[in-house]
Amino acid sequence: MRLAIFDLDNTLLAGDSDHLWGEFLCANGYVDAAVYKARNDQFYADYLAGKLDVIAYQNFCQEILGSTEKSVLEQWHAQFMRDYIEPIILPKGEALIAQHRAAGDYIMIITATNHFITAPIAQRLGVDHLIATECGMQMGQYTGELTGVPSFQAGKITRLNTWLSENQATLLDSYFYSDSHNDLPLLEKVAQAIAVDPDERLRAIAQERGWQIISLRDE
């Protein structure tokens, strides 16, 4: 089984679903917009700079999951998918997924964004498996706090290694597509590291190491 692994945000999507979820909450008055937006924007800036406190961020963005009924959250997410996610799904990304599927590869998304936000997106994209930061659950409702190891930076390797062990799989001949320097730990582990519309730091490293650089954005 050859793995084709994709980052999600700014790789298969022309935007960041995690940050956009915060924008959605603010736009619809589900949170105190001024306060929430300031914190959401700061966390995103920290992420771009490679200094995100992922535990603090996840507990911040999962807090509303713990204070809102699951059925209501599902209604919100359907609206979020329609208004915020569908418009930024990249057709070239879908075509690349289809290309790997035609080659018989096992297609996986591994993302630091939490499972509540990303599971419907992964289903929409038709991938075989999703590894995302997990949301705490208790008696059928979200706790509002993360659980387990966040799939961020080296945490992606930790989570992926667990999956590989459970599925008797390896990274032999594997691909990983990402836009972010935050994904360097996993890019360095796979057989074929591919930088997708990379940030400046990743572009420089990819050029230095001879990694393929591609764009999935419209020309």
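The values are calculated or read from the model by the stated rules, or taken from the named source; none is laboratory data. Bear in mind that the values here come from a model prediction, so they are computed numbers and not experimental data. Please note: Cβ atoms are built from the backbone with ideal geometry, for glycine as well, and neighbour counts cover all protein chains shown. Calculation scope for accessible area: heavy atoms of the full protein, side chains included, ligands and nucleic acids excluded. Shrake-Rupley method; radii C 1.70, N 1.55, O 1.52, S 1.80 Å.
Determine which member of the set I117, I131 is assigned to a helix (DSSP H, G or I), of a type outside the set (G, A, S) and within 22 Å of D179 (Cβ to Cβ). Selected residue: I117, the only one of I117, I131 that is assigned to a helix (DSSP H, G or I), of a type outside the set (G, A, S) and within 22 Å of D179 (Cβ to Cβ). Scanning segment 9-24 for residues that are surrounded by 16 or more Cβ atoms within 10 Å (Cβ to Cβ), at pLDDT 95 or above, in contact with a strand residue (DSSP E or B) (Cβ under 6 Å, 6 or more places away or on another chain) and assigned to a helix (DSSP H, G or I) turns up at least one hit. Among the residues making up segment 41-69, those that are more than 27 Å from G140 (Cβ to Cβ) and touching a Gly at 6+ places or on another chain (Cβ under 9 Å) are D41, F43, Y44.
When the residues of segment 68-93 are filtered to those that are free of Cβ contacts under 8 Å to residues at least 60 places away in the same chain and among the charged types (D, E, K, R), the one that is most open to solvent (accessible area, probe 1.4 Å) is R82. Among the residues here, L172 qualifies as open to solvent by 60 Å² or more (accessible area, probe 1.4 Å), among the hydrophobic types (A, V, I, L, M, F, W, C) and part of a loop (DSSP other than H, G, I, E, B). Restricting attention to segment 202-211, does a residue exist that is touching a residue at least 12 places away in the same chain (Cβ under 8 Å) and under 16 Å from the mean Cα position of the chain (by Cα)? No, the conditions are met nowhere in segment 202-211. Could you tell me whether any residue of segment 114-135 is touching an Asp or Glu at 6+ places or on another chain (Cβ under 7 Å), open to solvent by 30 Å² or more (accessible area, probe 1.4 Å) and at negative phi? Yes, there is a match, as at least one residue in segment 114-135 is touching an Asp or Glu at 6+ places or on another chain (Cβ under 7 Å), open to solvent by 30 Å² or more (accessible area, probe 1.4 Å) and at negative phi.
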